[in-house]
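The values are calculated or read from the model by the stated rules, or taken from the named source; none is laboratory data. None of these values were measured; they are calculated from a predicted model. Don't worry about glycine lacking a Cβ; one is built from the backbone with ideal geometry, like all the others, and counts go over all protein chains shown. Please note that ligands, DNA and RNA were not included when accessible areas were found on the heavy atoms of the full protein model with its side chains. Shrake-Rupley method; radii C 1.70, N 1.55, O 1.52, S 1.80 Å.
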Amino acid sequence: MVKELKISQKKELAKYIFLTEKGITQKELAKKAEISLVTANKWVKEWEHLRLNLLQTREERHISTLVQLSKLDEEIAKVGYPDSKQADIRRKLTADLEALEQEASIRDVAEVGKRLLSWLRPINTDHASLVGAIINEFIKHLLSGK
């Protein structure tokens, strides 16, 4: 079992759950994040506007960054060399691409977990429940930084 998470870690977990699990109730959120219903209600009020900006998947972010880099390269090609601002943007976009190719984020782990559970539930609900609990514990472990 994972040690108790700090309040800031619980808030990040709750935020992730809130943004990624469609239709989750505040009661369900409170249970999953191991927080009170009052706390869940307070935090959800802070995050309601964030649901409008759906979280991009890693693949979508990768494609978006590549498109931006391509457009920048087209602008640079018109002149033949980048100005200092373009060079800075290019370095940042390249760094973003490298970061996307590195270790999976907690969001990526959770997304794979959700996809696995979606596949497993119709096959065996008991196994899906067990795997879901294991995935939640693993995400808590990642959030704890240990």
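Summary table
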item	result
Meets criteria (in a helix (DSSP H, G or I) and modelled with pLDDT of 90 or more) for Ala128	yes
Residues being surrounded by 12 or more Cβ atoms within 10 Å (Cβ to Cβ) and either at pLDDT 80 or above or in a helix (DSSP H, G or I) (or both) - total across region 43-62	8
Filter result (within 17 Å of Asn136 (Cα to Cα) and among the basic types (Lys, Arg)) within region 28-43	Lys31, Lys32
Qualifying positions in region 111-146 - under 15 Å from the mean Cα position of the chain (by Cα) and open to solvent by less than 50 Å² (accessible area, probe 1.4 Å)	Gly113, Ile135, Ile139, Lys140, Leu143
Cross-chain or 6+ apart pairs with Cβ under 7 Å, region 2-14 first and closer than 19 Å to Gln26 by Cβ, then at pLDDT 85 or above and part of a loop (DSSP other than H, G, I, E, B)	Lys10/Glu34; Lys10/Ile35; Ala14/Ile35
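Matching residues to (1) closer than 16 Å to Leu143 by Cβ; (2) without any contact (Cβ under 8 Å) to a residue 24 or more places away in the chain; (3) open to solvent by less than 80 Å² (accessible area, probe 1.4 Å):
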| position | (1), (2), (3) |
| --- | --- |
| Lys78 | no, yes, no |
| Pro82 | no, yes, yes |
| Gln86 | no, yes, yes |
| Arg91 | no, yes, no |
| Thr94 | no, no, yes |
| Leu100 | no, no, yes |
| Ser105 | yes, no, yes |
| Val109 | yes, no, yes |
